[in-house]
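The values are calculated or read from the model by the stated rules, or taken from the named source; none is laboratory data. Note that this is a predicted model, so its numbers are computed, not measured. Positions of Cβ are backbone-derived with ideal geometry, glycine not excepted, and every protein chain shown enters the neighbour counts.
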Amino acid sequence: MTKSNYASSGVDIDAGNRAVDLMKSAVRSTYNSSVLAGIGSFGGLFDASVLKEMNSPVLVASTDGVGTKVKLAASVGRFRGIGHDIVNHCINDILVQGARPLFFMDYFATSKLDPEQTAEVVTGIAEACKEAGMALLGGETAEMPGVYQPNEFDLAGTIVGVVEREKVLPRGNVQVGDVLIGLTSSGPHTNGYSLIREVFAGVSLESLVPELGCSLADALLAPHRSYYPVLFSLLSDIKALAHITGGGFVENIPRVLPDGLSAKIRVDSWPASPLWNLIQRSGHIATDEMYRVFNMGIGMVLVVDKNMVSKIQELIPEETFVIGELIEGQKQVVID
């Protein structure tokens, strides 16, 4: 058989077809009655009739990537977790506006397609979508030699959700004295990995680290958690949500504050994880920079009325922490 010129140039159509075959069942497991056409179609079809039941539906969309966490995952051959990362990151990004997810689209690009590796990533995406009751409606797998270095790949995704207009967060009654409640993160989530990789360059990621009780790979590659299951039913009692992603506390909390307000964070109000101490010590990183780059163990911040704190903490089925309050100021974060 004559070898394809396209394959000789670095693009293998057969490998792409095999990747689709390997991931097909996982993708289809996310389908619900609203999915009219998905994998194999030129475009995904989603029946939006459910929106007719809403008074004033607002679609909320977000696109994001996993960043350089993909390089860390590739270095130890762990791929499924980053599929969870991209989905849960996007879910959290629209949750802070009060939206529930409808469907997800993924984009996977690499220098040379490895069907098993690609299917592992997409299977992780499908698992996270299924957990959220969201359809994985479609996506793209691209083989791009010359654009990506050998053995390099990138992962991104787009989510679409919906919220009633009157329920969009943040609400207009955010004020001085409102309390900040923090929910724990599962690790660095998907941010700060360029710095993390620099800090631990040359260190064996699979070796047990006694102070962590696990390997560095286990601690650093823990999937980005979704806050949707524990928070969505409580949104009517919450004034605002801040997803602590790139930029840490300093950049993300001000995004949900009106003019004239700042946030005061008390750093001793939640237990310090050994992982953050290890990163800071190993990289000789200033404390201010740690709080600007990493989530420091708090992945989602709730802004609530001071009279609702006890009720909300009781309704959340995990330990939460009162980490600060809103004060007068100009959209700044004071780390105390």
Test set (1) out of contact with any helix residue (DSSP H, G or I) (no Cβ under 9 Å at 6 or more places or on another chain); (2) surrounded by fewer than 17 Cβ atoms within 10 Å (Cβ to Cβ); (3) not in a helix (DSSP H, G or I) - Leu326 fails condition number: (2)
Going through region 206-235 one residue at a time, which ones are exposed (fewer than 15 other Cβ atoms within 10 Å of the Cβ), under 23 Å from Glu131 (Cβ atoms) and polar (S, T, N, Q)? Ser233
I'd like to know if region 239-248 contains one or more residues that are polar (S, T, N, Q) and out of contact with any Pro (no Cβ under 9 Å at 6 or more places or on another chain). yes
Among the residues in region 141-152, are any surrounded by 15 or more Cβ atoms within 10 Å (Cβ to Cβ) and hydroxyl-bearing (Ser, Thr, Tyr)? yes
Single unsatisfied condition, Thr158 versus (1) at pLDDT 95 or above; (2) not in a strand (DSSP E or B): (2)
Check whether at least one residue in region 3-25 is of a type in the set (A, V, I, L, M, F, W, C), modelled with pLDDT of 95 or more and not in a loop (DSSP other than H, G, I, E, B), and report yes or no. no
Condition first: without any contact (Cβ under 8 Å) to a residue 60 or more places away in the chain and either part of a helix (DSSP H, G or I) or among the polar types (S, T, N, Q) (or both). Now tell me which residues in region 278-302 satisfy that. Gln280, Arg281, Thr287, Asp288, Glu289, Met290, Tyr291, Arg292
Checklist (1) closer than 20 Å to Arg225 by Cβ; (2) without any contact (Cβ under 8 Å) to a residue 24 or more places away in the chain applied to Leu72, failing item: (2)
Restricting region 285-315 to residues that are β-branched (Val, Ile, Thr) and more than 21 Å from Leu326 (Cβ to Cβ), which is surrounded by the most Cβ atoms within 10 Å (Cβ to Cβ)? Val293
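One line per residue, one yes/no per condition, for (1) under 16 Å from the mean Cα position of the chain (by Cα); (2) over 21 Å from Lys69 (Cβ atoms); (3) of a type outside the set (S, T, N, Q):
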{"residue": "Val209", "(1), (2), (3)": "no, no, yes"}
{"residue": "Leu220", "(1), (2), (3)": "yes, no, yes"}
{"residue": "Leu234", "(1), (2), (3)": "no, yes, yes"}
{"residue": "Ala240", "(1), (2), (3)": "no, yes, yes"}
{"residue": "Ser282", "(1), (2), (3)": "no, no, no"}
{"residue": "Ala286", "(1), (2), (3)": "no, yes, yes"}
